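In what follows, a single structure is set out as structure tokens and then discussed.
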Amino acid sequence: MNKNDISDYNCFRIILAVLHILVLSNGIGLIVLGICLHKEVSNLGYNEDKIISGLIITLVILGCILIPTGIIGILGVHDNGHFKLTVCSFLLILLIISQFTCGISAVALRRKIYNTYYRKISKYVSGYYRIPRYQRSVDFMQMKLQCCGIKSPYNYPWYIPDSCYTNYKLNKKGCSEAMGLFFQKYLLIILAVNNSFACFQLFPCILGFVLAKRFQSAKDTENLTMNMSFSKP
């Protein structure tokens, strides 16, 4: 297959190039999501938890791998590179598996995450009057989540902190419930974004394998034609 024949695949090449640009964008999106989650968790003073930190780090690592994978795919389309497209498609398979694993882990560990933070909230609220660091974290959490105490404002034996009030109205929702809803929301975001990106990446993966095979067939045909022309007397 000569260059004129390869030009017939320009439409597929353009589609695949666009898909790999979107793969690159997916990588940037996962990194941004990981950074935003880290910031939210750090602001609440719970960035030391190994489970949630592990999920965030995994998201960022997957994003960092997706960016060069997208670049390799774009270069493979540009160069008609069989090897680059094949490598890119295999990387996408591994990334898709990793992303689904990350999503499943987030669902499986949600109860453990909630129990961990319930114990931590109890510890911080109990030490509110004695430890300034706990006081700062609890005040920020109560203002942000509009909650008060562990299960209610009456968990404070001395006085109810000012951070328990929103527009001079006492927040009656406990912070354990509010924190549970907070993490449930972010776990759903992780699942939705992560699994959507993983499903989308199936398209450039499959199309990459198809186009790589076509490029290799075209190259083999061209080499065979050249060999036959040289073998003629």
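Bear in mind these aren't lab numbers, they're just calculated from the coordinates by the rules spelled out. Quantities reported herein were computed from a predicted structural model and do not represent experimental measurements. Heads up, the Cβs are rebuilt from the backbone with ideal geometry, glycines too, and the neighbour counts pull from every protein chain shown.
Before moving on, here are some points about what is shown:
- As a proxy for reagent exposure, Cys205, Cys199, Cys64, Cys11 were ordered by neighbouring Cβ count within 10 angstrom, fewest first; the result is Cys11, Cys199, Cys64, Cys205.
- Dipole in debye (nearest 20) - region 63-190, about Cα centre, beta carbon charges: Lys, Arg +1; Asp, Glu -1: 680
- Taking N as the residue count of region 13-100, its C-alpha radius of gyration divided by 2.2 N^0.38 Å amounts to 1.27.
- Of the complete DSSP H runs in the chain, those spanning 30 angstrom or more by Cα along the long axis with a mean Kyte-Doolittle score not below 1.0 are 10-43, 50-79, 82-108, 175-200.
- Footprinting exposure proxy for Phe83, Phe197 (fewest neighbouring C-beta atoms within 10 Å first): Phe83, Phe197
- For Gly149, distant residues with modelled amide H under 5 Å away: Cys175
- Between Thr116, His20, Gly63, the Cα set farthest toward the positive side of the dipole of the chain (charges on each charged residue's Cβ, about the Cα centre) is that of Thr116.
- Cα pair distances in region 138-207, grouped into 10 Å bins until the bin that holds the longest one, percent each: 20, 34, 17, 13, 11, 5, 0
- Dipole of the chain [Lys/Arg +1, Asp/Glu -1 at C-beta], most positive-end residue of Gly208, Ser196, Leu145: Leu145
- Here the simple spin-label model places points 7 Å from the Cα toward Cβ, and for Glu177 and Ala192 these points are separated by 2.4 nm.
- Order of Tyr156, Tyr117 - criterion: other Cβ atoms within 10 Å of each residue's Cβ, fewest first: Tyr156, Tyr117
- The trypsin sites (Lys or Arg not before Pro) of region 100-130 meeting both criteria, a DSSP state outside H, G, I, E and B (loop) and at most 12 other C-beta atoms within 10 angstrom of the site's C-beta, are Arg130.
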